[in-house]
Amino acid sequence: MVKICCIGAGYVGGPTMAMIAYKCPDIQVVVVDISVPRITAWNSDRLPIFEPGLDEVVKSCRNTNLFFSSDVEAHIADSDIIFVSVNTPTKTRGLGAGKAADLTYWESAARMIADVAKSDKIVVEKSTVPVKTAEAIEKILNHNSRDGVNFQILSNPEFLAEGTAINDLTNPDRVLIGGRQTPEGQKAVAVLKGVYAKWVPEDRIITTNLWSAELSKLAANAILAQRISSINAMSALCEATGANVAEVAYAVGKDTRIGPKFLNASVGFGGSCFQKDILNLVYICECNGLTEVANYWRQVVQINDYQKLRFVNRVVSSMFNTVSGKKILVLGFAFKKDTGDTRETPAIDVCLGLLGDKAKLSIYDPQVSEDQIRRDLAMNKFDWDHPQHLVPSSPTANSKEMVTVTFDAYEAAKGAHGICIMTEWDEFKSLDYQRIYDGMEKPAFVFDGRNVVNVEELRKIGFVVYSIGKPLDAWMKDLPAAPLS
Ligand code: NAD
Ligand code: UDX
């Protein structure tokens, strides 16, 4: 029986390995992590991440051929293929801080593999890493291993998106495997290809050299994020001219060369990947002396920051240029629907912007806990993925007087001056907005950062409505554009 070990039981390691175990009953899969609470949760009835369809897959093979363990060393020693799916966050300190990927976790995983391996291993980069990382990993492994133990490094980046992970893993657009162009490298590629071929059609399994595979992952995320920043840039122009961004996106996306996906204007993209991977790409370009290329990609992140700031300014300028002391209901905190993940969610920047103007926030998200929201609002930029840096930096944002977390949107709306929609949860489409309106201060505002509400219906009720990139409410047309600072 082939044995697989995956280091890192997170959003990628957990679902990906569960899918391999589910589709390959003849393979034993063990997912290991240094976080004992995370492993305990994977072994419990309440998994550590919310992902539609994940419970069923995990429950069907857990303790049969899928195991979760914190005994990292033993399972590494025992396996033929080792996936490394640890976090690769943005560096917060030192050389390249604020851009470069922090490979501390990756390096310590590689050193652990070298330390405990007594037989040959295929080591698979599952984490998203800078191009050329495999070369560094090879050096760490080869300089620290026992005599006679050989390693083959493969790059097998993961393309799943949160909220749709199980579907993405069941039916991937492609699986990408990069390896050394040597006979041993190609043999390792064939072994990993054999695992995926159990359920993925062969023509969707792409094999390339190592550097192409590593770079393709950064390129895919940069180009996806670029589409969102492109449509978000258009949304600002739509608001200034009376065009409707939904109509523009539809018309543009009908061009088969462009396609309809990833053209939803929003308050900005979030999630643990896009910003981190683009900044990493920017840093790699700078290190290669490609200043213009670095500036080109940096602009995708800058438009994203601009979009969040523009949203906050729209809220403040519409509400008589101040939200001080006003209650604002924030609907949604996760970075997208169908996940409880809040990493880099635009809700953080928007909430901090409103708190900066002394608003009182009441926040509701069906999948995000109060603890998580308070931690997110109190943390420094980029610190969320560095457990050793998790020191709250903003007591104001954590104050119970300024921020309350609620589980009843109707109760929370009572006495509110405005509502900001930050996540496109389906339930926000069918709220009883008349009931909400009745309990609010007047004029009552809705600022829809996800284009989920029916603008005309809400205006009929009496709300002043702002929806990204849509023709402006008469209320806002005459307001001077708020300065961006
Ligand atoms: P995560 O933070 O959810 O999980 C990483 C896990 O690795 C954590 O549980 C951590 O405790 C563990 N870990 C760190 N160092 C370890 C070590 N030395 N030994 C054992 N365990 C260790 O991260 P994630 O979202 O799963 O992302 C993992 C990688 O996959 C990142 O490089 C990310 O860019 C990439 N990726 C993420 C997504 C996504 O949607 N989240 C999609 C594609 C790729
Ligand atoms: C992304 C990539 O899609 C995935 O392939 C990669 O493996 C990991 O990073 P993820 O971050 O999980 O996945 O979610 P995604 O669906 O890409 O959404 C990212 C952000 O963009 C979310 O905040 C989402 O709301 C926003 N978005 C997405 C838009 O604002 N408009 C869109 O049209 C699409």
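The fewest-to-most ranking of Phe50, Phe407 by surrounding Cβ atoms within 10 Å reads Phe407, Phe50. Note on the chain: semi-axes of the ellipsoid equivalent to its C-alpha gyration tensor, largest first and rounded to whole Å, are 43, 24, 21.
Beyond 31 Å in Cα-Cα separation lie the following of the pairs Lys360/Lys429; Lys91/Lys121; Lys23/Lys308; Lys327/Lys470; Lys23/Lys217; Lys193/Lys429: Lys23/Lys308; Lys193/Lys429. In plain terms, the residue of Ser127, Ser70 with the fewest other Cβ atoms within 10 Å comes first and the most crowded comes last, giving Ser70, Ser127. Sparsely packed loop sites in the stretch 59-149 (the trypsin sites (Lys or Arg not before Pro) outside DSSP H, G, I, E and B with at most 16 other Cβ atoms within 10 Å) comprise Arg93, Lys118, Lys132, Arg146. Take the Cα of Ser108, step 7 Å toward its Cβ, do the same at Ser324, and the gap between the two points is 4.6 nm. Relative contact order of the stretch 231-276, please, whole-number percent, based on alpha carbon pairs below 8 angstrom and at least 6 residues apart. Relative contact order, the stretch 231-276: 36 percent. Placing +1 on the Cβ of every Lys and Arg and -1 on the Cβ of every Asp and Glu, with no other charges, gives the chain a dipole of roughly 620 debye about its Cα centre. Here the residues Asp371, Asp120, ranked from fewest to most Cβ neighbours within 10 Å of their Cβ, fall in the order Asp371, Asp120.
Taking amide H atoms as placed 1.01 Å from N in the peptide plane, the amide H of Tyr466 lies under 5 Å from those of Val446, Phe447, Asp448, each 5 or more residues away in sequence or on another chain. Put the Cα centre of the stretch 247-274 next to the Cα centre of the stretch 301-317 and the gap is 18 Å.
Spin-label pair Arg459-Arg375: with each label point 7 Å from Cα along the Cα-Cβ axis, the two points sit 4.3 nm from one another. Taking trypsin sites (Lys or Arg not before Pro) across the stretch 168-259, the ones in a DSSP loop with at most 16 further Cβ atoms lying within 10 angstrom of their Cβ are Arg174, Lys198, Lys254, Arg257. Translational diffusion of the stretch 127-212, estimated by Stokes-Einstein from the Kirkwood radius over alpha carbon pairs at 37 °C in a medium of 0.692 mPa s, is 232 µm² per second. What's the FRET efficiency of Arg46 with Asp432 using the Cβ-Cβ distance as r and R₀ = 41 Å, to the nearest 0.05? Result of the calculation: an efficiency of 0.85. If r is the Cβ-Cβ distance from Asn295 to Thr241 and R0 is 30 Å, what FRET efficiency results, to the nearest 0.05? The formula returns an efficiency of 0.65 here. Potential lengthening of the chain between Asn142 and Lys59 amounts to 26.1 nm, from the contour at 0.36 nm per residue minus the alpha-carbon distance.
Quick one: compute the contact order of the chain, relative version, from alpha carbon pairs under 8 angstrom and 6+ residues apart, as a percent. It comes to 12 percent, rounded to a whole number. Remark: the stretch 91-177 is approximated by an ellipsoid whose semi-axes, taken from the C-alpha gyration tensor as √(5λ), come to 26, 20, 10 Å, largest first. In the chain, the DSSP-assigned H stretches of four residues or longer account for a calculated mean residue ellipticity at 222 nm of -13000 deg cm²/dmol, using -39500 (n - 2.57) per stretch and the full residue count as denominator.
Once the Cβ-Cβ distance of Ala197 and Leu95 is raised to the sixth power relative to R0 = 41 Å, the FRET efficiency obtained is 0.50.
Only beta bridges with both residues in the chain are counted; by DSSP, about 5 percent of them are antiparallel.
Every read-out reported here was derived from the displayed coordinates using simple, explicitly stated rules and does not represent laboratory data. Bear in mind the structure is a predicted one, so any value in this text is a computation, not a measurement. As a convention, Cβ positions derive from the backbone with ideal geometry for all residues, glycine included, and neighbour counts pool all protein chains shown.
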